[in-house]
1. Kindly provide the set of residues from the stretch A:12-48 that are open to solvent by less than 10 Å² (accessible area, probe 1.4 Å) and either within 14 Å of chain B (Cβ to nearest Cβ) or farther than 22 Å from A:VAL403 by Cα (or both), ordered by number.
2. Being away from chain B (no Cβ under 14 Å), part of a helix (DSSP H, G or I), farther than 22 Å from A:PHE231 by Cα and polar (S, T, N, Q) is the requirement here; does A:SER334 meet it?
3. What is the one condition in (1) crowded, with 17+ Cβ neighbours inside 10 Å; (2) aliphatic (A, V, I, L, M); (3) under 22 Å from the mean Cα position of the chain (by Cα) that A:VAL253 does not satisfy?
4. Are any residues in the stretch A:73-111 open to solvent by 70 Å² or more (accessible area, probe 1.4 Å) and in contact (Cβ under 8 Å) with a residue 60 or more places away in the chain, and if so, which ones?
5. Just to check your reading of the model, which residue among A:GLY437, A:GLY407, A:GLY400 is within 14 Å of chain B (Cβ to nearest Cβ), in contact with a helix residue (DSSP H, G or I) (Cβ under 8 Å, 6 or more places away or on another chain) and either open to solvent by 10 Å² or more (accessible area, probe 1.4 Å) or part of a loop (DSSP other than H, G, I, E, B) (or both)?
6. Out of the residues in the stretch A:266-284 meeting the condition of being among the small types (Gly, Ala, Ser) and open to solvent by less than 30 Å² (accessible area, probe 1.4 Å), tell me which one is farthest from A:PRO212 (Cα to Cα).
7. List the residue pairs whose Cβ atoms are under 8 Å apart, where the first residue sits in the stretch A:265-290 and is within 13 Å of chain B (Cβ to nearest Cβ), the second is of a type in the set (S, T, N, Q) and open to solvent by 20 Å² or more (accessible area, probe 1.4 Å), and the two are 6 or more positions apart or on different chains.
8. Looking at this structure, is B:ARG98 open to solvent by 30 Å² or more (accessible area, probe 1.4 Å), in contact with a helix residue (DSSP H, G or I) (Cβ under 6 Å, 6 or more places away or on another chain), assigned to a strand (DSSP E or B) and more than 9 Å from every other protein chain (Cβ to nearest Cβ)?
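The values are calculated or read from the model by the stated rules, or taken from the named source; none is laboratory data. The shown structure was predicted, so the numbers you read here are calculated from the model rather than taken from an experiment. Here the Cβ is made from the backbone with ideal geometry for all residues, glycine too, and neighbour counts use every protein chain on show. Just so you know, the surface numbers come from the protein's heavy atoms only, side chains and all, with ligands and any DNA or RNA stripped out. Shrake-Rupley method; radii C 1.70, N 1.55, O 1.52, S 1.80 Å.
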Amino acid sequence: MNGEPLSRWTMAYFAAALLSLLAAEALMAVGYGYPVEGLRAPATLVVVHLSAVGWLSLLMCGALFQFIPVLVNRPLASPGLMLPALLCIIPGLVLLVSGFLVLDSLLDIDAPLLPIGGLLLLTGFATVAASLGLTLVRSRPLAIPSAFVVAGLAGLLVAAALGFVFTQVLGGTLSVPVLTDIAARGVPIHAAAGLGGWLAMCAIGVSYRLFPMFLLAPDAQGSGTRLAFLFAAGAAVTAIAGGLAALFAGWPVPAVILAAAISAAGATVFYGRDVVNFYRARRRRDLELNMKVAALAFLSLALAVVMPGVIAALGRSEAAIAASVYMAIFGWLSGLGLAKLYKIVPFMTWLECYGPVLGRAPTPRVQDLVREARAGPWFLLYFASVWAGTVAMALGSVTGFRVAAAGTFAATAAIVVHLVRARMLCNVDCSLRFPVGSLRPSLLHSLAPGGR
Amino acid sequence: MKKYVELDVRPILAAGGEPFGRIMETVASLDPDEGLRLLAPFRPVPLFAALGSKGFTHEDREIGGGDWEVLFTPAPVPAATAAAGDVSAACWPGPLMRLDNRGLTPPEPMVKVLGAAEAMQQGEVMEVLLDREPAFLFPQLAERKHEWRGGFDPDGVTYRLLVRIGTAP
């Protein structure tokens, strides 16, 4: 690849993502949203969108901008779009959340917050999808990991487009009967496209490439990976195309989503097998903290898949869905995201600051930028509190859930401090921190080699 | 019996000099059927690979006092790097330095390549064996004005990278 090795604005995406996560966790800790209020209450929508759009989607966009060019060995198409996209998404999210707060009577602003927010979010995410999609399409033929990401970008567009329709209908700017019908019954499709189509697909695609790299393991071989993709793509197509068809034909949408979920569970089995093989076949015996923690995230995914059946058997089907989704979002995707940030942030910082002087002056190792022994307990607290929160949610214990959410918030805040310290090179010995010719990191922006 | 040109690098090393360029000059001046008899104060392991890629086999023996004699003999078969196909078939000089960075945890391979490049002269070539295409290394090489070529060996497992040292500012 002859392009730039570092994505310039990925750190800004990560920063906005982490702030959204902290906000969502703080709200859950104070009892705002589900399970104190209903699944479709405006309060729940605030927490869900801070988590799914603000945290996970910005995290995923930032990571994809960094890694897609590396994975396909091509420069990013239109890298100049990265910042404008972020500058659409952040205000779009603020307006969306403000619109929900107006619906919840916590804000009193007479402005089309939801329609403008939905438009900005659709514009921002379409820009992201265009830049990343073009980069991937130019690198055809696509390997399976890239195919997962392409499918994920399609899921992102569907989720953002449906979200756009909902905001226009809720805000009163559109009242075409077809669209109001979609808004009334299309929420499960929107959620499936966003969570399963976009976030899960991309997380799987990226991990197929990064895990062999981080573990020094061979790439996944055999038909299992292909089956994982077919089941996952089948689930996405069933949920989105089948869901929309059901919506227009008047069939029950949740039944279609359930069929998609079963296919997704099949994908998880094959994906899980590949992940276990990566760990087993690794040549690097000592695991870094990020890979140990990632194993807990995968355990969370397995639990999220088997849990709904168990809880539903207790006669609590709504709690079963909510707890399973909570475990998938906070145990798997968020846990994996935090773990990978603990690898990506120090590595990008190290490459940016010390790349220019490698071989010319003594430089710290990447591992010198982090303090794994101190960060480890916070990751353990994170997973313990997410699992406790899941159990509390399944059992309907509001107080238990709030206590657990407070633990999740505290752990995340501590991990964020560790990430900022790694980014600002606080853990590097003073004598080694800035050899002559090295670059000083900025919190939100990365420089290309040569200080450009 | 083959004819060997003798080169004793012990005085060069004793005077604090770097014999590598002298060795390569001598090798370049050999007739096709001539070999090199090298005398060194240690077993010059990196040379085995460097000259092996130029088509020489070697026999080494300790000659007392920690000194070694190595006979480099032109082999009748093509150079081992021919396996990399057109990667190494261009008109670059044979590699003077060989690094086997397979099995190292990233970013160690990159650190080793950039460190080794600093010790080499303009126009010299280094050959590096890697587990993966070094995507993060390429921009660093470009920044330092080094040229590179690389590709997977036919086995699809080893990535073979050739770096020609440029004029770093």
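1. A:TYR13, A:PHE14, A:ALA17
2. So A:SER334 fits the description; yes.
3. Only one criterion in (1) crowded, with 17+ Cβ neighbours inside 10 Å; (2) aliphatic (A, V, I, L, M); (3) under 22 Å from the mean Cα position of the chain (by Cα) is unmet by A:VAL253, namely (3).
4. Narrowing the stretch A:73-111 to residues open to solvent by 70 Å² or more (accessible area, probe 1.4 Å): A:74-75, A:79, A:87, A:94, A:103, A:105-106, A:108-110.
Passing the criteria: A:ARG74, A:PRO75, A:PRO79, A:LEU103.
5. Working: A:GLY407 fails: within 14 Å of chain B (Cβ to nearest Cβ); A:GLY400 fails: within 14 Å of chain B (Cβ to nearest Cβ).
Only one candidate qualifies: A:GLY437.
6. In the first step, residues of the stretch A:266-284 are kept if they are among the small types (Gly, Ala, Ser); the result is A:266-267, A:272, A:281.
If we keep only those that are open to solvent by less than 30 Å² (accessible area, probe 1.4 Å) too, we end up with A:266-267, A:272.
Values: A:GLY266: 22, A:ALA267: 19, A:GLY272: 14 Å.
Result: A:GLY266.
7. Qualifying pairs under 8 Å: A:ARG284/B:THR105; A:GLU288/A:GLN367.
8. Values: open to solvent by 30 Å² or more (accessible area, probe 1.4 Å): yes; in contact with a helix residue (DSSP H, G or I) (Cβ under 6 Å, 6 or more places away or on another chain): yes; assigned to a strand (DSSP E or B): yes; more than 9 Å from every other protein chain (Cβ to nearest Cβ): yes.
Spelling it out, B:ARG98 is indeed open to solvent by 30 Å² or more (accessible area, probe 1.4 Å), in contact with a helix residue (DSSP H, G or I) (Cβ under 6 Å, 6 or more places away or on another chain), assigned to a strand (DSSP E or B) and more than 9 Å from every other protein chain (Cβ to nearest Cβ).
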